[in-house]
Amino acid sequence: VGVMSSPSHDRQRVAVRSTWGRSHIAAVLPCFLVGKLVKRTPRAPWDKRHAREAAEPDGGPKGELSPNPAAHALALEHAQFGDVLVLDGSAEIHQGGTSGLKTLTWWRHVRDRLPNAQWVGKCDDDTLVNVPRLMMRLPPVDRAEPRSLFGTIKWGCYSDKRLKWESSWRDWRCGRTQFARSRAPGEPANLSATYEGPYELALGWFFAMPRRMALLLADCAYANRFHERALHATREPFLRKEDDPLNGFWLYKCLREKGMPPVQPLPSMREPEAHNMACISSRGLYRRPSNASIAVHFLKTVSAMRYVAATLRAKRQPAIAVPPSRRCCSRMVWPSERAQHPLEACERLLSAEEMEAERAIDAAAERNRLGRTPRGHEA
């Protein structure tokens with residue numbers, strides 16, 4: 001699984017390693033993808049902050065590429081854990097977020113260095129993957145359709161003249177949305193006619209496909225031309241953060257390039273299986289983790305990831321009844337509420353080792369708080 005991460009997300013990487021990333025070593029290998037370069041990309045022309053950014057003394061970003069300043073720290077982290085990939089041709093977008101300028105380099109790495117992988121996935125570093133449930137859902141690769149795609153399946157259309165997508169459906173006309181028909185300052189006219197599709201795509205909180213599909217993308221002339229053009233762009237259109245619909249578009253174009261039919265999605269992950277984290281609701285996009293959860297997203301701390309891992313572990317052991325605790329969830333998941341609930345609210349859920357790790361986090365936070373005490377006001 002290629003885990004999209006950013007240079008400063010070292011704590012998110014710790015969270016993955018301490019939970020699902022090390023829980024089933026024989027089944028799943030998580031690899032953190034961090035850009036080797038940083039691309040200084042301007043705000044979009046339709047962004048209200050664009051004019052202010054362009055008024056900066058140097059005229060604002062113009063797509064410049066520079067070495068990742070965190071390269072040394074990332075090399076040390078990789079030397080310690082062996083799971084941080086800083087791949088040639090990959091780049092972070094300086095405004096943050098995941099980056100489509102890393103996706104193709106992951107598929108190349110799979111082709112060149114992971115010959116034994118059967119399924120190949122991609123997810124965000126704030127996603128917890130429930131590996132046992134995932135293994136139940138994925139068929140053996142030799143029984144799967146040759147162009148399988150597993151994930152939360154949506155439809156979209158994409159414009160490679162604008163590097164933007166629109167949500168769609170199987171028989172909808174592309175270029176129909178208000179945004180597709182809009183025209184930002186400096187853009188050519190009639191860009192709505194450049195949207196292609198519709199095609200099926202998988203959302204980026206987690207998706208997987210057989211290794212042969214990753215190889216198709218790694219060797220695809222269209223995808224490689226697209227990546228190089230986007231990586232070295234110095235004027236609009238710039239690639240920004242929409243890597244999920246982009247990967248689906250690459251599959252659409254690359255299969256057509258080979259004269260092959262479209263992807264064959266497995267049954268889509270529904271909201272009980274893939275969702276954002278919540279402590280109270282049991283319905284909708286934001287919900288509590290359950291036995292059905294495969295991908296739980298929006299876990300921004302080590303404690304949040306630890307809480308979900310412990311909750312799913314307890315649910316796999318029905319003989320050990322651990323009723324859900326809103327206080328424990330709020331403390332572990334939402335940093336703003338941590339101090340409002342005692343750690344003892346979690347003692348029935350967490351193991352002794354996990355409780356000790358949480359105490360260490362509290363102690364470090366207290367030391368940090370005291371270290372910021374203004375001079376002259378020390379205790």
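The values are calculated or read from the model by the stated rules, or taken from the named source; none is laboratory data. Note that the structure is predicted; figures quoted are calculated from it, not measured. In this analysis, Cβ positions are derived from the backbone assuming ideal geometry, glycine residues included, and neighbour counts consider all displayed protein chains. When the accessible area is computed, the model is the full protein with side chains, heavy atoms only, and any ligands, DNA or RNA have been set aside. Shrake-Rupley method; radii C 1.70, N 1.55, O 1.52, S 1.80 Å.
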- Query: Projected onto the charge dipole of the chain (+1 at Lys/Arg Cβ, -1 at Asp/Glu Cβ, origin at the Cα centre), which of 360, 318, 286 gives the Cα projection farthest towards the positive end?
  - Reply: 286
- For region 226-359, the Cα gyration tensor yields equivalent-ellipsoid semi-axes (√(5λ), largest first, whole Å) of 40, 20, 12
- Query: Once you treat every alpha carbon in region 150-260 as an equal point and sum by Debye, what is log10 I(q)/I(0) at q = 0.11, 0.18 Å⁻¹?
  - Reply: -0.35, -0.95
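Taking the Cβ-Cβ separation of residue 357 and residue 179 as r and a Förster radius of 41 Å, what is the calculated FRET efficiency to the nearest 0.05?
Details: r = 45 Å, r/R0 = 1.10.
That pair, residue 357 with residue 179, gives E of 0.35.
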- Note on the structure: Along region 274-284, Karplus-curve 3J(HN,Hα) (6.51, -1.76, 1.60; θ = phi - 60°) to the nearest Hz, with x for Gly and Pro, reads 9, 7, 7, 7, 8, 9, 10, 5, 10, 9, x
- In region 266-332, the trypsin sites (Lys or Arg not before Pro) that sit in a DSSP loop and have at most 13 other Cβ atoms within 10 Å of their own Cβ are 270, 283, 316
- Task: Would you mind getting me the FRET efficiency between residue 143 and residue 172? Use the beta-carbon distance for r and R0 = 35 Å, nearest 0.05.
- Result: 0.60
- Message: With the crude spin-label approximation of a point 7 Å out along Cα→Cβ, what separation in nm comes out for residue 232 versus residue 317?
- Response: 5.6 nm
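Computed from the mean reciprocal separation of all distinct C-alpha pairs, what Kirkwood hydrodynamic radius does region 91-215 have, in Å?
Working: mean 1/r = 0.0596 Å⁻¹.
One over the average 1/r among Cα pairs gives 16.8 Å for region 91-215.
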- Task: At a Cα cut-off below 28 Å, give the lysines reachable from residue 164, other chains included and same-chain residues fewer than 8 away excluded.
- Result: 36, 39, 48, 62, 102, 122, 154, 241, 253, 258, 300
- Query: Where does each of 172, 46 land when they are ordered by accessible area, with a 1.4 Å probe and the largest first?
  - Reply: 172, 46
- Cα-based Rg and Dmax for the chain, in Å, come out at 22.1, 74
- How big is Rg to Rh over region 27-75, alpha-carbon atoms, Rh as the Kirkwood inverse-mean-distance radius? 1.19
- Query: Is region 47-86 best put as rounded, prolate or oblate by its Cα gyration tensor, with a ≥ b ≥ c the root eigenvalues, rounded for a/c under 1.5, and otherwise prolate when a/b is larger than b/c, oblate when not?
  - Reply: prolate
- Query: Say each of residue 56 and residue 78 gets a label point 7 Å from the Cα, pointing the same way as Cα to Cβ; how far apart are those two points in nm?
  - Reply: 2.8 nm
- Let me see the pair-distance distribution of region 207-266: every alpha carbon pair, 5 Å bin width, integer percents in order. 4, 16, 28, 25, 15, 8, 3, 1
- Task: With r as the distance between the Cβ atoms of residue 193 and residue 64 and R0 = 41 Å, compute the FRET efficiency 1/(1 + (r/R0)^6) and round to 0.05.
- Result: 0.85
- Message: Run the simple label-point estimate for residue 94 and residue 281 please: 7 Å along Cα→C-beta, distance reported in nm.
- Response: 3.7 nm
